[in-house]
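What follows draws every value from the coordinates through simple rules; no lab data is involved. Predicted model, so just to flag it, every value in this text is computed and none were measured. Quick reminder, even Gly has a Cβ in these numbers, built from the backbone with ideal geometry, and neighbours come from all protein chains shown.
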Amino acid sequence: MSASNPIRVMIVDDHTMVRRGLAVILKTVADLELVGEASNGREAVHVCEQARPDVVLMDLVMPEMDGTTATQIIRERWPRVQIIALTSFHEKELVQKALQAGAISYLLKNVSVDELAEAIRSAHAGRPTLAPEATRALVQAASQSSTLDYGLTPREHEVLLLMVEGLNNLEIAARLTVSRATARAHVSNILSKLGVSNRAEAIALALRRKLVT
């Protein structure tokens, strides 16, 4: 893009000073143009419809509607709009959710002016940019999901699969031809090893971590 045909950028952040700072940065870069601002995710969707930006700088932790939800809605309605998650947080769950929602890039707010400008140009061209901290978080998450089995025995894996299928302790006992007390003990051991307090949490964790197939 050139100064005569700049990349249209929108800023979404619930802190006024952050928005002002980003606006000042964008005005110093010839091929970038600020076309809209929003203070939360809900407002972002509305402003995006009016401004039709090329790239959105999206904070993630905001009131009304968080940035991840707003990202998903915007990407569904306007697939050509690229979104850069721009946040102070780099926890792996937040990184994963933002990218799964459709963000093309994940940057921290300590990024330099040049790095931010280049990330916006890359996003507009369909190329992702990840902060080193975000990359490490993704690597860590991938490592955990592929190697972590929580020490479950083969029988406990079998019981966990039946739990995911929706069977109660009596039905599990009948399926495995064991006593109800034995089935209950297996379930108790599974909850303890997974570090959860009830069956629903165990099932959610099993599906999220792909502990059962």
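Annotations
- Comparing mean-square fluctuations of 127, 19, 199 from a GNM of the chain with C-alpha springs under 10 Å, the top value falls on 199.
- Of 174, 103, 125, the residue with the greatest mean-square motion in the GNM of the chain, using alpha carbon springs below 10 Å, is 174.
- The value of relative contact order for segment 47-98, using C-alpha pairs under 8 Å at least six residues apart, is 43 percent.
- Of all lysines in the structure, those lying under 17 Å Cα to Cα from residue 193, and not within fewer than 8 positions of it along the same chain, are 210.
- Sequence-distant aspartates and glutamates (8 or more away, or on other chains) whose Cα lies within less than 14 Å of residue 92: 133
- Rounded to 5, the percent of DSSP beta bridges in segment 28-147 classed as antiparallel: 0 percent
- Cβ-derived FRET efficiency at R0 35 Å, residue 197 paired with residue 110, nearest 0.05: 0.40
- Theoretical gain in end-to-end length, residue 165 to residue 4 [0.36 nm per residue, Cα-Cα removed]: 52.0 nm
- Among beta bridges from DSSP that stay inside the chain, the antiparallel ones total about 5%.
- Each label was represented as a point 7 Å from its Cα along the Cα-to-Cβ direction; for residue 157 and residue 179 these points are 2.7 nm apart.
- Reachable lysines from residue 27, criterion Cα separation under 20 angstrom, eight or more residues apart if same chain: 109
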